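The values are calculated or read from the model by the stated rules, or taken from the named source; none is laboratory data. As the structure is a prediction and not an experimental result, all values here were calculated from the model. Reconstructed Cβ throughout: ideal geometry from the backbone, glycine too, with neighbour counts over all protein chains shown.
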Amino acid sequence: MSGLRRALIALGALALLAGIGSVALILTSDHTTPRGLAAALILTAGWSFAGTGLYAWDRRPGNNIGPLMTAIGFTFFFQGLSSSNNDVVFAIGIIGSSLPYAILVHLLVTFPAGHFESRFQRVVVGAAYLTTTVLQLGWALFIDPTKQSDCGNCPENPILIPGHEGIANAINAVQVLTASFGIASTVAIVYLRWRRSTPAQRRVLTPVVLTGGVAFTILLAQLVLSEAGAPQAVEDGTYIAAIVVFACLPFAFLLGLLRSRIGRAEEITTALSAENEQLNVELQAKVEELRASRARIVEAGYAERRRVERNLHDGAQQRLMALTMNLRLARDKLGDDPAATGELLDEAMDELAAATAELRELARGIHPVLLSERGLRAALGGLAERSPVPVELLATPAERLPAPIEMAAYFVVAEALTNVARYAEAGVATVRVERRNGAVEVEIRDDGIGGAKIDAGTGLRGLEDRVGALEGHFSVRSRAGEGTIVEASIPCE
Amino acid sequence: MSTSVLIVDDHPSFRAGARRMLEASGYSVIGEAADGEAALEAVRDLTPDLVLLDVQLPGIDGFEVAARLQAAGGAPTIVLTSSRDRADFGEALAESPARGFIAKGELSGATLAELAG
């Protein structure tokens, strides 16, 4: 068992004893009437506040609501002390009897969070404590209970400074004023909090607002009636009604507090499901993007095969066809026209050389052997050398990188330089490939006409997909008249 | 009188080679065309006896050219050719109004004469 729980059990036992003691004092009182009813009500109010307060304290140890409710329960028993026939106990009871109302103000103002939200709230609660402690003590110093109409059999006031009833009345007037201020402010604070709360928060506040509202209305009525000099029976009636409602109040707090756990759980669930929804939307978008990218990569593969087939058909194959015809013709002419035969054979050799060159170029487009055998630096050197537009290699990595990264970087540079040669009308292009900050950064810059767009054709989009497949970023900056900058950043630890 | 021929192919190297080969075999090459539209025009203008027609052309392809010539009436003899195999075209060759098909690798005056007469 935790230390806190042991302390709470001890407090519970103490509340039990305090209640029994209060009842004993009330039942043996010479000046409290009607004794049975007063005892029952004080016991109900004191025990219900202390009991529910201790329960709340145990369930929500970090929240001040439990301790405040417990304190209200204990201070309620001061009213039992004021029933004592012993003058000292009676005096202590009189001094402390209004303290529970100040704690109640504190409780209502800070419910359900258990802490202050504004300076005004502190002022209201501070005024309530001032009224029920300092002012109450001041009043007790000058009040002579034996001279009060409703306290005929009351004991003597042991701390009485006699002959200053005017001061007592003045202090009492201030108390009535500050109490009215405190009650009105508390009602306003609780009402405003209830108005601006969410439905889940209202479920927490509603029981307290209803019961507290009724309790404070009765308290205010009691205050007004007692000041207005209403008949004793009416005053007693409101007093009993206040205690009945006060006895219900702690259960309203407890209900609210327990609902706040449920409410909080609901809020967390709502927040989680909203977050979940957001994640789902993002995930769906990512999946769509990946699906589109995958489709483009597959299509790019087919397009590449079509391109290779087309290149073979239009290039090397045609040259080989012409070569075949030339050789056939040369064979036919071999006997009767050696000069024409030699000419045909020369042409055939030229066609063969051209076909070989085209096949070599095509093979390089499918897979750059220089790249896989000697790395990015050598392969980029080859690209720069073959480019019709002068290319300056500003930086290339000396070390070998993972093959997929080398391939991606190479094709970014190759495609970008092809575009420079075809469309940019550039005088020069620069290439920079560097490994830094856990990535390979690729940049191709030209001084051409600009205006390139990723969406315009399949080439740049294909590069974007190729780089994206390696979790990299690809971008093209190409304002008209300001050249083009193609950039790729590929993660590489 | 020698057979007049129109060569239709988008590759100049093939047209040149074919012209030399057919002329060496006694044909009279009266024109060349690089695509389908030009071929239809050339047939109208030159009225050749025989059209050596590549299948894969930019724009309308050889099959379409053959079909249009046939539809126009009074069509010349059409022989389709390609650097691809006969098998690459499946049923399309049989359905075409062309007289026949010669793979480019097998083209000679003799194979053409055998097919077109």
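Screening segment A:466-487 for residues that are among the acidic types (D, E) and more than 34 Å from the chain's Cα centre (by Cα) and picking the one that is nearest to A:V433 (Cα to Cα) gives A:E487. Can you pull out the residues in segment B:1-18 that are more than 14 Å from A:L329 (Cβ to Cβ) and among the small types (G, A, S)? Across segment B:1-18, the qualifying residues are B:S2, B:S4.
When you scan segment A:414-427, do you find a residue that is farther than 20 Å from A:I366 by Cα, assigned to a strand (DSSP E or B), modelled with pLDDT of 90 or more and in contact with an Asp or Glu (Cβ under 6 Å, 6 or more places away or on another chain), even just one? Among the residues of segment A:414-427, not one is farther than 20 Å from A:I366 by Cα, assigned to a strand (DSSP E or B), modelled with pLDDT of 90 or more and in contact with an Asp or Glu (Cβ under 6 Å, 6 or more places away or on another chain), which makes the answer no. Restricting segment B:64-87 to residues that are assigned to a helix (DSSP H, G or I) and either in contact with an Asp or Glu (Cβ under 7 Å, 6 or more places away or on another chain) or basic (K, R) (or both) leaves a set whose member that is nearest to the other protein chains (Cβ to nearest Cβ) is B:R86. Note on segment B:88-111: among residues that are in a loop (DSSP other than H, G, I, E, B) and within 14 Å of another protein chain (Cβ to nearest Cβ), the one that is farthest from the chain's Cα centre (by Cα) is B:S108. Filtering A:N280, A:N326 for residues that are in a helix (DSSP H, G or I) and within 14 Å of chain B (Cβ to nearest Cβ) leaves a single hit, A:N326. All of A:G448, A:G427 fail the test of being under 16 Å from A:I485 (Cβ atoms) and touching a Phe, Trp or Tyr at 6+ places or on another chain (Cβ under 8 Å), apart from A:G448. Mind checking which residues of segment B:22-63 are in contact with a Leu (Cβ under 9 Å, 6 or more places away or on another chain), within 14 Å of chain A (Cβ to nearest Cβ), part of a helix (DSSP H, G or I) and surrounded by fewer than 22 Cβ atoms within 10 Å (Cβ to Cβ)? The answer is B:A24, and nothing else. Flag set for A:V208, criterion: assigned to a helix (DSSP H, G or I), more than 19 Å from A:L135 (Cβ to Cβ) and in contact with a Gly (Cβ under 6 Å, 6 or more places away or on another chain).
Give the residue that is modelled with the lowest pLDDT, with candidates limited to residues of segment A:147-170 that are surrounded by 14 or more Cβ atoms within 10 Å (Cβ to Cβ) and under 22 Å from A:S83 (Cβ atoms). Per the stated criteria, the residue is A:C151. Only one of the numbered conditions (1) more than 24 Å from A:S372 (Cβ to Cβ); (2) surrounded by fewer than 17 Cβ atoms within 10 Å (Cβ to Cβ); (3) not β-branched (V, I, T) is violated by A:E493, and that is (1). Of the residues A:A452, A:A398, A:A469, A:A403, the single one that is crowded, with 21+ Cβ neighbours inside 10 Å and among the hydrophobic types (A, V, I, L, M, F, W, C) is A:A452.
If a residue must be surrounded by 14 or more Cβ atoms within 10 Å (Cβ to Cβ) and either more than 14 Å from chain B (Cβ to nearest Cβ) or β-branched (V, I, T) (or both), how many such residues does segment A:341-360 contain? Total meeting the criteria: 2. Taken over segment A:300-330, residues that are among the small types (G, A, S), surrounded by fewer than 20 Cβ atoms within 10 Å (Cβ to Cβ) and out of contact with any Leu (no Cβ under 8 Å at 6 or more places or on another chain) amount to 3.
If the condition is being at pLDDT below 75 and surrounded by fewer than 16 Cβ atoms within 10 Å (Cβ to Cβ), then segment A:196-229 contributes A:E227, A:G229. Among residues of segment A:113-134 that are within 12 Å of A:I189 (Cβ to Cβ), none has a Cβ under 6 angstrom from a residue that is in a loop (DSSP other than H, G, I, E, B) and among the charged types (D, E, K, R) at a sequence gap of 6+ or on a separate chain.
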